[in-house]
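Enquirer: The structure that follows is given in the form of structure tokens.
Every number in this text was worked out from the coordinates using simple rules, so none of it is lab data. Bear in mind that the values here come from a model prediction, so they are computed numbers and not experimental data. Cβ placement follows ideal geometry from the backbone for every residue including glycine, while neighbour counts extend to all protein chains displayed.
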Amino acid sequence: MLDEQTLIKINKFIQNMPPLPTSVSKDLEISRNPKADAKELNNVISLDPVLTGKVLKLINSAYYSLPNQVTSIVRAIIMLGINTVKNLVLSTAVVSNVKNKTNFNALDMEAFWRHSICVGVMAKTFAAKQGFDAKILEEFFVAGLLHDIGKIPFNAVIPDDYIKAISFSQQSKVSLEQVESKMFELNHSDIGFRISELWKLNKTLSDTIRFHHNFQECDIESKKFVATVSLANMVTNSLEIGFGGNKFPDKREEEIFQITGLKWKDIDEAEESAGAALKKAEIFLNLIQ
């Protein structure tokens, strides 16, 4: 159990986490509008030279292998798609807010973000298999990116205790979330939910952060979405892509199959395409750091 002084430090750390920039809120608002176009998004991004550079760097990266360099932001947004640009903007904002290496004394920062991005890519893959509307698919990527955000205060405030929790989880082959709850009487899902409220994230994202280890507890409106991200987290952990500290997540695939309609073959196919997921994660990681 954490003493009162440590809890105060964790609370202070959460309260001092900077809010997401206004430009991110505007980008998300535009990208959720089905009538939004590239020019509207350009009006926001062009005001931020850092974001402008990242968008152009992405479209001109080896991942897209274009014959000619793209120099127009509007053209880049059209070619990438509004949702891809939204993901880049949000990823950049989130990582920039917490990328201070002193926040990652227990977990390696690069491995943590590689894990988070890959969960997002996997979640999007599973969502597509379920036939979710194309406009919603990118929300799964965002949920994967943010699902473990609650681990950052643990990393920063109690790194020695958190290393012990991660080690105990690995030695006993018990999920990290269970160990956190036992050792600290709160876990990264609890803390992540508080951060989601601070950042004013929408209900679906907040529910994913709060219930991705306990998807049965969320309401029916979000359950399918949260279960999909939970499955992506399990698969990414089992493939050891990046590292979020949880080497032995709870095995609840059958429960997830009942909720989502997915099958083992869908996991097999996702694992076969893990190389592509990792490649995309590496590109995003290089751009947003």
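Enquirer: What residue among LEU176, GLY144, GLN216 has its Cα farthest toward the positive end of the dipole of the range 99-288, where the charges are +1 on Lys, Arg and -1 on Asp, Glu, each on the Cβ?
Expert: Checking the options against the dipole of the range 99-288, the answer is GLY144.
Enquirer: At 7 Å along Cα-to-Cβ for each site, give me the label-to-label distance between ILE8 and GLN171 in nm.
Expert: Result for the modelled spin labels: 3.2 nm.
Enquirer: Checking the cross-link filter: which aspartates and glutamates have an alpha carbon closer than 15 Å to that of LYS247, excluding same-chain neighbours under 8 positions apart?
Expert: Cα-Cα hits under 15 Å: ASP108, ASP148, GLU177, GLU180.
Enquirer: Under a point spin-label approximation (7 Å from Cα along Cα-to-Cβ), what is the LEU239-LYS135 distance to one decimal in nm?
Expert: 2.9 nm
Enquirer: Could you tell me the center-to-center distance, by alpha carbons, between the range 55-130 and the range 249-268 in angstrom?
Expert: 26 Å
Enquirer: For all pairs of alpha-carbon atoms in the range 19-82, what percent lies in each bin of width 10 Å, listed from the first bin to the last filled one?
Expert: Bin by bin from 0 Å, the calculated values are 21, 53, 24, 2.
Enquirer: Of PHE112, ALA123, ALA270, which is farthest along the charge dipole of the range 99-288 in the positive direction, counting Lys and Arg as +1 and Asp and Glu as -1 at C-beta?
Expert: It is PHE112.
Enquirer: While we're here: Give me the dipole magnitude in Debye, nearest 20, for the range 171-236 about the Cα centre, with unit charges on the beta carbon: positive for Lys and Arg, negative for Asp and Glu.
Expert: 160 debye
Enquirer: Output ³J(HN,Hα) for the range 167-179: one whole-Hz value per residue in order, computed from phi by the Karplus curve 6.51 cos²θ - 1.76 cosθ + 1.60 with θ = phi - 60°, and x for Gly and Pro.
Expert: 5, 5, 4, 6, 5, 8, 6, 10, 4, 4, 4, 5, 5
Enquirer: Now for a different question. To the nearest 0.05, how large is the calculated FRET efficiency for TYR64 and ASP219 if R₀ is 45 Å and r is the Cβ-Cβ distance?
Expert: For R0 = 45 Å, the calculated efficiency reads 0.70.
Enquirer: With r as the distance between the Cβ atoms of GLU185 and ASP250 and R0 = 22 Å, compute the FRET efficiency 1/(1 + (r/R0)^6) and round to 0.05.
Expert: For R0 = 22 Å, the calculated efficiency reads 0.70.
Enquirer: Related question: 7 Å from Cα along Cα→Cβ at both ASP268 and MET79: what's the point-to-point distance in nm?
Expert: The modelled label-to-label distance comes out at 3.8 nm.
Enquirer: May I ask for the angle, rounded to the nearest 10°, between helix 49-59 and the longest principal axis of the chain, with both axes built from Cα atoms and the value confined to 0 to 90°?
Expert: 80 degrees
Enquirer: Counting only helical runs of four or more DSSP H residues, what would the 222 nm mean residue ellipticity of the chain come to if each run contributes -39,500 (n - 2.57) and the total is spread over all its residues?
Expert: -22000 deg cm²/dmol
Enquirer: Take the cross-link list LYS9/LYS173; LYS86/LYS151; LYS86/LYS280; LYS35/LYS124; LYS86/LYS173 and give me the ones stretching past 26 Å between alpha-carbons.
Expert: Violating the 26 Å limit, Cα to Cα: LYS9/LYS173; LYS86/LYS173.
Enquirer: Using unit Cβ charges (K, R positive; D, E negative) and no other charged atoms, how large, in debye to the nearest 20, is the dipole of the range 19-82 about its Cα centre?
Expert: The dipole of the range 19-82 has a size of about 100 debye.
Enquirer: Just want the answer: with Cβ charges of +1 for Lys and Arg and -1 for Asp and Glu, which residue in THR22, GLY242, ILE8 is farthest toward the dipole's positive end in the chain?
Expert: Result: THR22.
Enquirer: Any idea what the dipole of the range 99-288 comes to, in debye rounded to 20, about its Cα centre with Lys/Arg Cβ at +1 and Asp/Glu Cβ at -1?
Expert: 280 debye
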